[in-house]
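Below is one structure, written out as structure tokens; comments come after it.
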Amino acid sequence: MNLAPALKRIWRLGFRLAALAVALCAAILVGFAVYASSTLPSLQPWHTDILAQEFSAQRDGNLDFDGYLKLEDRLFAEMRNRAARWNVKNEAYIYSRFNPASRVNRLVAGAPFNRSFRLRQPDAIGHALLIHGLTDSPYSMKALAESLHAKGFEVTVLRMPGHGTFPSMMTKMTVRDWTAAVRIAARDVAAHTPPGQLFYVGGYSTGGTLALEYALDALADPALRKPDRVLLISPAIEITKVADVANLLEILTVVPIPQLQKARWQQVAVEYDPYKFNSFPINATRQVNRATKILQYELEKAVETGRIGRMPPVIAFQSVVDATVGAEGVANILFAKLRGPQHRLVLFDVNRHDALGSVQRPAAGALINRLATGARSYTLDVVSNTSSRDRRVSVRHMTPDGSVAVQDTALQWPETLVSVGHVALPFPPNDPAYGVLPGSGRNGLPSIGTWLYRGESGAVTVDLGSLTRPRSNPFWALIDADVRASVDSDLVATHH
């Protein structure tokens, strides 16, 4: 039998498919380059200036935490020197976070929490390491840090490489840099935690990814101090598959053509937020995508080896509607692998009041219904309306054995709030920067969370639609009480 014709047809088909794939990739690259160059606003110095003193795992991986902080000192000094040379008459600069005299800088008294910080405790009962999320700063962990500190913890909040200075630094950061920085900080915190004292790790969004990765690594590496508990807020467990396209688009950034520099960015926005970047580079998507895939691999490996059974108690606080990372991943990928009622997923439901029924998406409650009625090996708490005719909030506590307890609270849904969401969860409702309660703010300036303007597009520099997304959590008191109760429970267990 002559196979040559068949092999030739297969070869031709393979060649055509390869050519089609190349053509499709080229079309995506050209299309995005045209979109970026023609649609995105002009890049500002904070989108292009690169700071030499940022932490690099390759160069600085052998530092201890004191060395990390000293490098951070040099980084922020370099940032101030660089910004001092910019055009101070540039309108984008005048109203930005980079102008020391701007309103947002006066609101947060110079934004001191863009840097790593430590809440010291002379007679600590435990130590904690907290890690912020992508585009964020250590400020997003401040409220959680204060909850732990009030219970007697010394708390270290790490600034992740690429954050707190210029958005441009997000174009250079890597997962390797993040992981190395977490190891340096965790080693220092663990060294300050005597045997018998509690050691916690926690994180928000991508910081939750890194906190979980450290906990999983500690199960396999006896040289790493295993945490006694993992605290997560809106953890990034998986992101949309479209993120894989970011690896292709990154090719545009290595082409030395100035007109293509906008192609580094998915979004170029006004930088009015003192503690969070509004612009978003393609590299940020690439790195969080890599981080979540590494975490998923480590979770599978822990299950295969049986190490998952030694996982410390995990508590995750998650909004059931999360436009940033979604809620499915934390339930289907993380908690589906955890065994035992000590692991607890706390889901914040949408506002179920009848008055909002005409604007709600019915599918918003599908995840809660599935988890509540299906078999689970972990504890599920649902924060929701007491009834569909009531704005009061209660918590349904559902254990793996099927028992259900309902805890009424003194909290109520704000009348026009439909859901909490990703960016709101870690901030109290009276937060000076992001609080939603009347009077939130500082120095006579209203908090960003109270900004709610109406007008035509283009009337102001801020995207008016972005101001409708909640920036603080009216139910923060539940998280605060939960964390404090967990500390009490762990102290009892430790003493026994």
So the FRET efficiency between His495 and Ala101, C-beta based with R0 = 45 Å and rounded to 0.05, is 0.30
Candidate cut points under chymotrypsin sites (Phe, Trp or Tyr not before Pro) in the stretch 392-496, DSSP loop plus at most 10 other Cβ atoms within 10 Å of their own Cβ, are Tyr453
Once Ala485 and Arg339 are pulled to full extension, the length gained, defined as 0.36 nm per residue separation minus their Cα-Cα distance, is 50.5 nm
With the 8 Å Cα cutoff and a minimum separation of six or more residues, the chain has a relative contact order in percent of 13 percent
Hydrophobic long helices for the chain, i.e. whole DSSP H runs reaching 15 angstrom or more by Cα along the axis with Kyte-Doolittle mean at least 0.5, come out as 4-39, 206-220
Note: Thr409 to Glu146 extended length (0.36 nm per residue) minus current alpha-carbon separation gives 92.5 nm
Per-residue Cβ contact counts at 10 Å, fewest first, order Lys226, Lys151 as Lys226, Lys151
Within the stretch 399-496, DSSP-loop trypsin sites (Lys or Arg not before Pro) with at most 13 other C-beta atoms within 10 Å are Arg454
If Ser140, Ser466, Ser147 are placed from fewest to most neighbouring beta carbons inside 10 Å, the sequence is Ser466, Ser147, Ser140
Honestly the chain on the Cα gyration tensor test (a ≥ b ≥ c root eigenvalues; a/c under 1.5 rounded, otherwise a/b vs b/c for prolate or oblate) is just rounded
Computed over the stretch 358-496, the relative contact order (Cα-Cα under 8 Å, seq sep at least six) in percent reads 16 percent
Rounded to one decimal in nm, the spacing of the 7 Å Cα→Cβ label points at Ala372 and Glu300 is 3.3 nm
Largest-first semi-axes in Å of the equivalent ellipsoid built from the Cα gyration tensor of the stretch 278-334 are 25, 16, 9
Note to self, the chain gives a 222 nm [θ] from helices alone (DSSP H runs n ≥ 4, -39500 (n - 2.57) apiece, / all residues, nearest 500) of -11000 deg cm²/dmol
Exposure proxy check on Lys262, Lys142: fewest-to-most Cβ neighbours within 10 Å is Lys262, Lys142
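Since every read-out is calculated from the coordinates, none of them should be taken as a lab result. Quantities reported herein were computed from a predicted structural model and do not represent experimental measurements. When we count neighbours, we look across all protein chains shown, and the Cβ atoms used for this are built from the backbone with ideal geometry, even at glycine.
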